[in-house]
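Each remark here refers to the structure printed beneath this line.
The values are calculated or read from the model by the stated rules, or taken from the named source; none is laboratory data. In this text, all values refer to a predicted model and were calculated from it rather than measured experimentally. Positions of Cβ are backbone-derived with ideal geometry, glycine not excepted, and every protein chain shown enters the neighbour counts. For accessibility, only protein heavy atoms count, side chains too; no ligands or nucleic acids. Shrake-Rupley method; radii C 1.70, N 1.55, O 1.52, S 1.80 Å.
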Amino acid sequence: MPTNKKKAKRRTNGGGDAEEPDLNAEVLAALTRLAETLAKLDEARDDVGACIDGDGESGADELVDATAGMALQDDEAAHPSASKREPQLPAASLSPPALPLSHWRTLPLPVASAYDILHDGASYLHATSTKYTLVGKVDDKEGGNLAVELRKGAELVGTATLLLFSPSCGSSRSLRHYVKQSSRALIASVISLVQSFEDGLAQGQANDGNNLGAQKTGAVWAACDKISKSVPRGNRAAMRRELMVWARDCNETVEEFEEVLALGPRDDGEEGEEEEMMDEDQYTEIEMGVAKASLNVMKCSRNLLGLVLKACECAGEHADEPMLDEKETQSAEADGSAAEAQSGEDSTQQKPNDQSAKRKELLNWIGNLHEMARTVGEGVTNLGILLYPPLDPAGNAEELQNWQAKKPQTIGRHAIPSLGATPLGLQLEHQLQALSECVVTVHTATLPGSGESVLNTYSNEVTDSVERLARALGVRCAEVEEAVSAWDERRLGASET
């Protein structure tokens with residue numbers, strides 16, 4: 001049956017005048033609103049706080065209701081406070097404060113439940129999309145009914161995403177990033193599938209050679225499989241993956257510029273046009289010193305990212321220990337006599353409270369260290385963009401003024417030099433500041449609230465590495481200052497002659 005006749009047929013019921021609802025269109029509109037809502041979630045702050053009233057089951061139920069009602073609400077109604085809450089940056093840090101974490105390796109019940117809902121939604125969409133494609137191609141009405149089932153699966157995915165963004169789950173920025181990325185990809189693939197049937201492009205007869213619906217379904221399957229198999233489970237997995245991504249990108253950048261430096265300085269003498277174009281990928285003799293110093297800063301950044309990964313792992317393992325001790329205490333109380341439980345009531349209550357406070361501080365320290373590592377990792381990319389030859393010698397007084405206003409005044413044991421107003425000089429100074437901030441945090445390793453040291457959680461490898469890196473950073477600062485100063489002098493001298 002031609003597509004236009006199918007469209008006309010579904011609008012009437014038994015040849016009467018009553019119009020049947022266009023379920024595909026209704027579901028498509030609901031899915032689009034859901035996709036827009038997920039797009040507005042901010043990984044660095046709590047956008048869904050208004051949807052939850054307290055912790056526990058009541059808050060989760062309200063969140064589920066809010067998600068299920070997305071088909072009837074606009075975006076502002078769904079997130080009334082999204083545009084009013086602004087993150088606060090600490091005055092003495094280049095990195096934003098970390099989100100409060102609830103766990104490291106061991107998942108609390110709210111987080112495990114949210115993952116179950118996410119995987120259930122992905123599995124439901126995987127199975128329903130197959131039925132929808134097979135049935136919707138030959139029966140428009142039944143296909144519309146299955147589209148409603150697709151919406152239910154999408155709402156499960158949306159509910160799980162919002163739960164993992166809620167403060168009660170204590171998800172890291174890394175976890176939120178990967179969950180949001182995968183959820184949005186899945187919802188987008190479902191929208192594309194339903195849109196192909198709403199437009200009539202995927203409809204037709206059985207075995208007519210039109211496989212557009214099958215292609216769209218394959219995209220849904222791939223997105224479902226990514227959620228089921230690839231989304232990191234918990235803060236530890238997500239934060240480690242992000243650190244590894246930054247380290248990999250940093251390593252690739254280092255290798256790229258090592259190849260450029262291996263070409264040596266280009267010849268500034270007389271040369272043909274073709275040779276001149278080839279030499280644009282090489283540094284001049286004046287630029288070689290600052291390029292080598294910048295590359296060493298990148299290598300230092302790469303080593304630091306590896307150190308942060310190991311330090312977080314050491315502290316995280318100790319953060320999980322109080323949870324295990326608390327479970328053992330609860331088990332012992334259940335097996336003990338009533339008299340023993342009564343006599344030890346004060347001590348057993350005090351111990352979990354102390355453990356919980358220490359665990360919270362450890363997780364907060366890990367989160368803040370990870371955000372500092374984010375600044376370092378992203379800074380390497382920014383530094384690499386500015387390091388391609390030829391280097392930009394132009395100064396920017398406005399950028400210099402902005403940087404002087406926001407940079408921390410006290411970093412610790414490393415004296416970060418002022419490196420001028422060129423884009424490369426400003427970025428180098430920014431990167432050294434970020435490195436110093438991160439190294440000092442790992443080296444001192446003190447919990448801000450209790451003042452307890454985290455150093456006792458470190459392995460011997462971490463302890464030795466942080467000492468070496470602290471000394472190396474001082475060398476890098478002096479090296480960069482000398483290289484930038486020489487670059488400025490030789491560049492200015494060359495321009496005068």
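Between a first residue in the range 451-466 that is loosely packed, with under 12 Cβ neighbours inside 10 Å and a second residue that is at pLDDT 90 or above and among the charged types (D, E, K, R), which pairs have beta carbons less than 9 Å apart while being 6 or more apart in sequence or on different chains?
As it stands, the answer is 461/310, since those pairs meet every condition given.
Quick check on the range 211-252: of everything there that is closer than 23 Å to residue 170 by Cα and in contact with a Lys or Arg (Cβ under 7 Å, 6 or more places away or on another chain), which residue is surrounded by the most Cβ atoms within 10 Å (Cβ to Cβ)?
236
So for the range 357-377 (the condition being more than 30 Å from residue 246 (Cα to Cα) and modelled with pLDDT of 50 or more), does at least one residue qualify? If you could, list the steps in order and put the result at the bottom.
The initial filter retains those residues of the range 357-377 that are more than 30 Å from residue 246 (Cα to Cα), namely 357.
Now restrict to residues that are modelled with pLDDT of 50 or more: 357.
Checked the range 357-377: at least one residue is more than 30 Å from residue 246 (Cα to Cα) and modelled with pLDDT of 50 or more.
Does residue 429 satisfy the condition of being at negative phi, in a helix (DSSP H, G or I) and free of Cβ contacts under 8 Å to residues at least 40 places away in the same chain?
Numbers: at negative phi: yes; in a helix (DSSP H, G or I): yes; free of Cβ contacts under 8 Å to residues at least 40 places away in the same chain: yes.
Here the answer is yes, as residue 429 does meet what is asked.
Hey, can you tell me all the residues within the range 427-454 that are modelled with pLDDT of 90 or more and of a type in the set (A, V, I, L, M)?
428, 432, 434, 435, 439, 440, 442
Checking residue 416 against (1) open to solvent by less than 50 Å² (accessible area, probe 1.4 Å); (2) of a type in the set (Val, Ile, Thr); (3) closer than 28 Å to residue 45 by Cβ; (4) at pLDDT 75 or above, which test does it fail?
Here residue 416 clears every test but (3).
Give the number of residues within the range 17-36 that are modelled with pLDDT of 90 or more, closer than 16 Å to residue 153 by Cβ and either crowded, with 21+ Cβ neighbours inside 10 Å or of a type in the set (A, V, I, L, M, F, W, C) (or both).
6
Under the condition of being of a type in the set (A, V, I, L, M) and assigned to a loop (DSSP other than H, G, I, E, B), which residue from the range 98-151 is surrounded by the most Cβ atoms within 10 Å (Cβ to Cβ)?
Residues of the range 98-151 of a type in the set (A, V, I, L, M): 98-99, 101, 107, 109, 111-112, 114, 117-118, 122, 125, 127, 134-135, 138, 146-148, 150.
Then drop every residue that is not assigned to a loop (DSSP other than H, G, I, E, B), which leaves 98-99, 101, 107, 138.
Numbers: 98: 20, 99: 24, 101: 26, 107: 18, 138: 15.
The residue in question is 101.
Quick one: is residue 426 open to solvent by 60 Å² or more (accessible area, probe 1.4 Å) and under 28 Å from the mean Cα position of the chain (by Cα)?
Working: open to solvent by 60 Å² or more (accessible area, probe 1.4 Å): no; under 28 Å from the mean Cα position of the chain (by Cα): yes.
No.
Quick one: which helices (runs of 4 or more DSSP H) sit completely within the range 239-352 and have at least 3 residues that are modelled with pLDDT under 55 and among the polar types (S, T, N, Q)? Break it down stepwise before answering.
Working: elements: 273-278, 285-335, 338-343.
It comes to 285-335.
Residue 388 versus (1) in a helix (DSSP H, G or I); (2) at pLDDT 90 or above: which is the lone unmet condition?
Of everything listed in (1) in a helix (DSSP H, G or I); (2) at pLDDT 90 or above, residue 388 misses just condition (1).
Take the conditions modelled with pLDDT of 55 or more, open to solvent by 60 Å² or more (accessible area, probe 1.4 Å) and hydroxyl-bearing (Ser, Thr, Tyr) and apply them to residue 381. Does it pass? Working first, answer last.
Working: modelled with pLDDT of 55 or more: yes; open to solvent by 60 Å² or more (accessible area, probe 1.4 Å): yes; hydroxyl-bearing (Ser, Thr, Tyr): yes.
Yes, satisfied.
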